[in-house]
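Inspection log for the structure reproduced underneath, given as structure tokens.
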Amino acid sequence: MASPLRFALARNVVSLAGVWLTTVSALLFLTVFFLDLLGFYTNPYIGIVFFLILPGFFIIGLLFIPVGLWLERRRELRGLPVRAAQWPTCDLNDPHQRVIALVVAAATVANIVIVALATYRGVEYMDSVEFCGRVCHQVMRPEFTAYRDSPHARVACVNCHIGPGAPWFVKSKLSGTRQVFAVTFNTFPRPIPSPVMNLRPARETCEQCHWPEKFTGDMVVVFREYATDEANTESVTTLRVHVGGGSEKLGVATGIHWHMDPSNRITYIATDAKRQVIPDVRVEDRFGKVREYRAEGVTQARLDNGERRQMDCMDCHNRPSHPFVPTAEQAVDQAIALGRISRDLPFVKRESVDLLKGRYASQDAAAAIIQTRLDGFYREQFPLLYAQRRQDVDRAITATTNIYRRNVFPDMGITWGIYANNIGHTDFPGCFRCHDDSHTAKDGSAIKQDCDLCHQMEENAAAK
């Protein structure tokens, strides 16, 4: 004789729907889970459906089953036609009930395993580079494009944006919830503002791999620039950069990385959202001596409205994983220096830069115009060269198009120079936010703008 519980499940629509929903969700999840382990799919949107949405349906199905039984019990108490006359009794001496109990126990264990796998895989998926960069396609496409071309391309997003430990994981998910609503209702800013105000301190992220007390010494950096004349004349600047490093405890703390010496505690006040205006700098040495430098003309009221922050790696290396080339000129110089654009093509620097600076409705529109105009320029102005070196012209078109797609995103309001990069001082204030000779202390000392503090020019050369 069948048990009352069996009849309740068979006749109760809500519980039956729950059984089917749970079963189908479980089978689909397990199938995709094992396909994922074997690497059979790569679409990030599939991950959202199967690792975030599907487990929700699975849990809803589980809830439907007791809800249906509860509703059936209420029907019985109201004197309505009874579908299940009584709640089942548990008698493990009855072989039939013993089998049911074992089935329920096995199903419970299976459900716990499935929910645990779904939770683990869902969290793991939300922490993946694929999820961060490709799911919110329009929003994160510029940052993801820059990330894949950065020195940190093999470092997972969460290693820097979250780091180890539960507290920052919870903070990131709460922040992510707000961002999901912004994407859903299309209220996110264009471009995405920088810096990230709630980013974890670099001491807890960057310094897990980078050692600020490591003495680096000097580094030689070579800059190649090209004129906009017919010959694309090259000029070469070589700098010896005093990176320095170390700590006073080790007997050495020199160069640019002196700022990261653990013996020094440098704090500053920024009065703008992008941290480009720094009118107040405070330095505390290992003996506890404090010296405060203020820019000329700054008022206390202005400082009170600013943000006091302890200096760390991100104040100079503020775009380590999402760099954009600041100007079209620099981008073309890099492409020529790397051989992606042939320097022998007449006026190629001038023409490429002019096209890259144009205003276009989209990246596809830019690509079409770059193709037409650069090809037309050489076909009309240099027909013999065009006939002989068509392949070089095509390579220049491809490289110029790639430069645009890498750095300019009209739909997100990103164009040349939209994001300040604080390394150096040629395109943005950078070092000169503080090192400008106008930040002075009460004793008359100033934060110097002496070039030799950071680098030494080794050579200037021009090649025809």
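In region 383-415, what residues are outside any helix (DSSP H, G or I), under 19 Å from V353 (Cα atoms) and in contact (Cβ under 8 Å) with a residue 24 or more places away in the chain?
Filtering region 383-415 down to residues outside any helix (DSSP H, G or I) leaves 389, 408-409, 413-415.
Subset that is under 19 Å from V353 (Cα atoms): 408-409, 414-415.
Of everything in region 383-415, those that are outside any helix (DSSP H, G or I), under 19 Å from V353 (Cα atoms) and in contact (Cβ under 8 Å) with a residue 24 or more places away in the chain turn out to be V408, F409, I414.
Residues being in a helix (DSSP H, G or I), farther than 19 Å from N232 by Cβ and at pLDDT 95 or above are represented in region 355-363 by at least one member. Out of curiosity, is R203 touching an Asp or Glu at 6+ places or on another chain (Cβ under 7 Å) and not assigned by TED's automatic domain parsing to the domain that holds T299? For R203, the condition - touching an Asp or Glu at 6+ places or on another chain (Cβ under 7 Å) and not assigned by TED's automatic domain parsing to the domain that holds T299 - is met. All conditions in (1) within 30 Å of F188 (Cβ to Cβ); (2) in a helix (DSSP H, G or I); (3) in contact with a helix residue (DSSP H, G or I) (Cβ under 7 Å, 6 or more places away or on another chain) hold for L374, with the sole exception of (1). Out of all the residues in region 143-164, which are outside any loop (DSSP other than H, G, I, E, B), touching a residue at least 60 places away in the same chain (Cβ under 8 Å) and surrounded by fewer than 19 Cβ atoms within 10 Å (Cβ to Cβ)? Residue satisfying the conditions is T145 alone.
Evaluated against (1) assigned to a loop (DSSP other than H, G, I, E, B); (2) closer than 30 Å to R282 by Cβ, I418 falls short on exactly one condition, (2). You will find that of D344, D333, the residue that is touching an Asp or Glu at 6+ places or on another chain (Cβ under 9 Å) and surrounded by 17 or more Cβ atoms within 10 Å (Cβ to Cβ) is D333 and no other.
Scan region 225-249 for residues that are surrounded by 20 or more Cβ atoms within 10 Å (Cβ to Cβ) and either of a type in the set (A, V, I, L, M) or in contact with a Lys or Arg (Cβ under 6 Å, 6 or more places away or on another chain) (or both) and the total you get is 3. Regarding region 286-299, can at least one residue be identified that is out of contact with any Gly (no Cβ under 7 Å at 6 or more places or on another chain), among the polar types (S, T, N, Q) and at pLDDT below 90? No, that holds for no residue.
The values are calculated or read from the model by the stated rules, or taken from the named source; none is laboratory data. Source: prediction; values computed, not measured. Positions of Cβ are generated from backbone atoms using ideal geometry, with glycine treated the same way; all protein chains shown enter the neighbour counts.
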